[in-house]
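Just so you know, all these numbers are worked out from the coordinates, no wet-lab data involved. Note that the coordinates shown come from a computational prediction; the quantities given were computed from them, not determined experimentally. Here Cβ is always computed from backbone atoms with ideal geometry, including for glycine, and neighbour counts include all displayed protein chains.
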Amino acid sequence: MKVIRRERLPGIACPVCNTKAMVRTSLQITETMREIRLVCTDDDCDCSFVAQVMVSHIVRPSKKQNPRVLLPIGNQNLRKLPTDGAANPPPQPDLFH
């Protein structure tokens, strides 16, 4: 039997104060998207917000088939940085830590 190690998932930070947020509820929207409702753990902030988690592509194809799910197979070209000197997008706040 194969043992699956559960690594700690990255947390989601509050977009206002950058403190760790806690998931309160979630709702499956589609086979590839889930809406997550979170609350900031800082009592002085107490912000509630919604995040969406979406599957973007397949890394290793499944042995099973689901005709309702059409996702691209991972492409190394998607992960390469531009080499033509194109301008980099502005940095975004790190909401996952």
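Looking at the stretch 8-55, which trypsin sites (Lys or Arg not before Pro) are in a loop (DSSP not H, G, I, E or B) and have at most 15 other Cβ atoms within 10 Å? Show your work: numbers first, answer last.
On the way: sites: R8, K20, R24, R34, R37; in loops: R8.
Those satisfying the criteria are R8.
V50: net charge of surrounding residues, Cβ under 14 Å, Lys/Arg +1, Asp/Glu -1, itself excluded?
Values: positive: R24, R34, R37; negative: E35.
Net local charge, V50 excluded: +2.
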